[in-house]
1. When residues of the range 308-348 are filtered for being assigned to a helix (DSSP H, G or I), closer than 22 Å to LEU369 by Cβ and of a type in the set (Gly, Ala, Ser), how many remain?
2. Out of the strands (runs of 3 or more DSSP E) lying entirely within the range 1-120, which hold 3 or more residues that are within 14 Å of ligand 1 (Cβ to nearest atom) and of a type outside the set (Ser, Thr, Tyr)?
3. Answer yes if at least one residue in the range 276-290 is under 30 Å from GLY10 (Cβ atoms), in contact (Cβ under 8 Å) with a residue 12 or more places away in the chain and surrounded by 17 or more Cβ atoms within 10 Å (Cβ to Cβ), and no otherwise.
4. Scan SER254, SER246 and give me the residue that is surrounded by 17 or more Cβ atoms within 10 Å (Cβ to Cβ) and of a type in the set (Ser, Thr, Tyr).
5. How many residues are among the charged types (D, E, K, R), touching a strand residue (DSSP E or B) at 6+ places or on another chain (Cβ under 9 Å) and away from ligand 2 (no atom under 16 Å from the Cβ) when one looks only at the range 111-164?
6. So which helices (runs of 4 or more DSSP H) stay within the range 124-234 end to end and still have 1 or more residues that are open to solvent by 60 Å² or more (accessible area, probe 1.4 Å) and under 20 Å from ALA98 (Cβ atoms)?
7. Restricting to the range 8-27, what's the tally of residues that are without any contact (Cβ under 8 Å) to a residue 40 or more places away in the chain, open to solvent by less than 10 Å² (accessible area, probe 1.4 Å) and closer than 10 Å to ALA98 by Cβ?
8. Please indicate, with yes or no, whether at least one residue in the range 199-210 is more than 13 Å from ligand 1 (Cβ to nearest atom), modelled with pLDDT of 95 or more and hydrophobic (A, V, I, L, M, F, W, C).
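The values are calculated or read from the model by the stated rules, or taken from the named source; none is laboratory data. This is a predicted model, so every value here is computed, not measured. We place every Cβ from the backbone using ideal geometry, glycine too, and count neighbours over all the protein chains shown. Quick note on the areas: whole protein, heavy atoms, side chains included, nothing else; ligands and nucleic acids left out. Shrake-Rupley method; radii C 1.70, N 1.55, O 1.52, S 1.80 Å.
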Amino acid sequence: MNKKNIIILGSTGSIGRSSLEVIRNHLDKYNIAYLTTNKNVDFILEQSQEFNPKGIVITDGETYEYVKKHRSVNVPLYSAEDLIEIIKGEDLDIVIAAMVGFSGLKPTIDAIKSGKKIALANKETLVVAGHIMTKLARERNSEIIPIDSEHSAILQCLLGEKKEFIKKIILTASGGPFLHRDVQEFDSITVEEALKHPNWQMGDKITIDSATMMNKGLEVIEAHWLFGLEREKIDVLIHPQSIIHSMVEFVDGSIKAQLSLPDMKLPIQYALSYPERFPVNYHIMDFIKCSILTFHEPDLEKFRCLSLAFKSLELGGSYPVVLNASNEVAVEKFLSGEIKFSLIPFIIEEALSKFGSEKEPELEEIFDLDRKVRKYFQTQVKV
Ligand code: NDP
Ligand code: MG
């Protein structure tokens, strides 16, 4: 079998690192062609030394210029502007989209345009441009396979099933670190507490999204685009153990679920191997040790970000773009100590009412709107 050539967009992040771990176990099948980082130069050079790619990309302009001038690097070095040509290249088979947030949109669209297989972790891209990405993927014959564990679970449950037989899908959610915290105490939540997720080790942005439950809201929108299902057919269920990664209920009352230990290496590997499976000797589940699985309804009043995401999906148009941009701004402001945790949903709510519209945006309009929302909050909000 010819080895598949891979680029990892965001190789220095949490998903990027786990992807390299998976690939390290399957070097007979995959070859790392390119890696990208925003600013983490030392780390990408370390990764490059081990995986020997054709080139590395530094997307942050200043960092790229600095490295080009001041460091001697023994691998071809590329900038964000070069990325489009790299992604279009005939020599690439798979794009692992693992940049964080809106930053991943442009390269992911470029990859779909050139008909590449996309292993998609970067859910925000589907949230803001699902209508464009799915249409382009159909036209250009590009497969989008989810890495997000819930969506990987649903993909696995749907194999061999007809869409008309789906009653609903049930996305499970751990509930994050504040599942049992009284909402009256949300004002005093520190950055350190919010960054302590009970079950997963992830990048900062998604960890805060998990604490507000915006992550599940973004995943509901992601599921809508990936599986072509309306809001009424997508439920969220709290399952604190994160063993059942999601479920599908069929019209005859049968429910299929996918279970495994919480370890992103499994959905990453599945996105690469789909529809095949490769044997591994880690993340082996022991039912005796995981004998208690519990479930309950999400509290939409306490986790207002989740209900704002539901609302944005129902309203459609540009609402999800505004939801995503304002959430990214709010999360950055919380992480930098500028606002309290409890203010996050208020920022998003204000943005939705100020900037949202029911008109479905074109790609350029998405970039404009994202910029506008960010700019507005640069000069607003001090608490
Ligand atoms: P991290 O913050 O750990 O990594 C993000 C990666 O993107 C890094 O390589 C980072 O480079 C790069 N990056 C950051 N900002 C920019 C920018 N402006 N332009 C280009 N590249 C940038 O994030 P995660 O790996 O946790 O998450 C990545 C994506 O995967 C997110 O969309 C997240 O929602 C999704 N996801 C993550 C899961 C997880 O378990 N972590 C699970 C499911 C989905 P640098 O190192 O220089 O900062
Ligand atoms: Mg997930």
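1. 5
2. Values: elements: 4-9, 30-37, 55-58, 77-79, 94-97, 117-120.
Once the strands (runs of 3 or more DSSP E) in the range 1-120 are filtered for at least 3 residues that are within 14 Å of ligand 1 (Cβ to nearest atom) and of a type outside the set (Ser, Thr, Tyr), what remains is 4-9, 55-58, 94-97, 117-120.
3. Looking for residues that are under 30 Å from GLY10 (Cβ atoms), in contact (Cβ under 8 Å) with a residue 12 or more places away in the chain and surrounded by 17 or more Cβ atoms within 10 Å (Cβ to Cβ), one finds none in the range 276-290, hence no.
4. On the way: SER254 fails: surrounded by 17 or more Cβ atoms within 10 Å (Cβ to Cβ).
SER246 is the lone residue from the list that is surrounded by 17 or more Cβ atoms within 10 Å (Cβ to Cβ) and of a type in the set (Ser, Thr, Tyr).
5. Taking the range 111-164 as the starting set, the residues that turn out to be among the charged types (D, E, K, R) are 113, 116-117, 123-124, 135, 138-140, 143, 148, 150, 161-164.
Remaining after also requiring touching a strand residue (DSSP E or B) at 6+ places or on another chain (Cβ under 9 Å): 116-117, 123, 143, 148, 150, 161.
Within this subset, residues satisfying the condition of being away from ligand 2 (no atom under 16 Å from the Cβ) are 116-117, 143, 161.
So the count comes out to 4.
6. On the way: elements: 149-158, 191-194, 204-212, 214-227.
Those helices (runs of 4 or more DSSP H) span 204-212, 214-227.
7. Qualifying residue count for the region: 0.
8. Within the range 199-210, none of the residues are more than 13 Å from ligand 1 (Cβ to nearest atom), modelled with pLDDT of 95 or more and hydrophobic (A, V, I, L, M, F, W, C).
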